[in-house]
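The values are calculated or read from the model by the stated rules, or taken from the named source; none is laboratory data. Keep in mind it's a predicted model, so treat the numbers as computed, not measured. These accessible areas exclude ligands, DNA and RNA; they are computed on the full protein's heavy atoms, side chains included. Shrake-Rupley method; radii C 1.70, N 1.55, O 1.52, S 1.80 Å.
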Amino acid sequence: MNLTISVPSIGCSSCIETITKAIQSVDASAAVTGDAATKSLDIESQLPEVKIRELIAIAGHKAE
């Protein structure tokens, strides 16, 4: 599944890295690219969207 999610709390590449690690801890093959300027993530994963949003929250961010 390809998914684009807005995450307003992203401030830098470290935020993106933290979220990426959280998602890849459950789906090691997930591909996550982020843009701190637009505060968005492009995610390719086998996980359902609800689980991805949950993992973003566990990483300390709120997906919109």
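Some points to look at:
- Every residue from segment 16-64 that is open to solvent by 70 Å² or more (accessible area, probe 1.4 Å), among the β-branched types (Val, Ile, Thr) and part of a helix (DSSP H, G or I): Val50, Ile58
- Segment 3-13, residues that are outside any loop (DSSP other than H, G, I, E, B), open to solvent by 30 Å² or more (accessible area, probe 1.4 Å) and at pLDDT 95 or above: Thr4, Ser6
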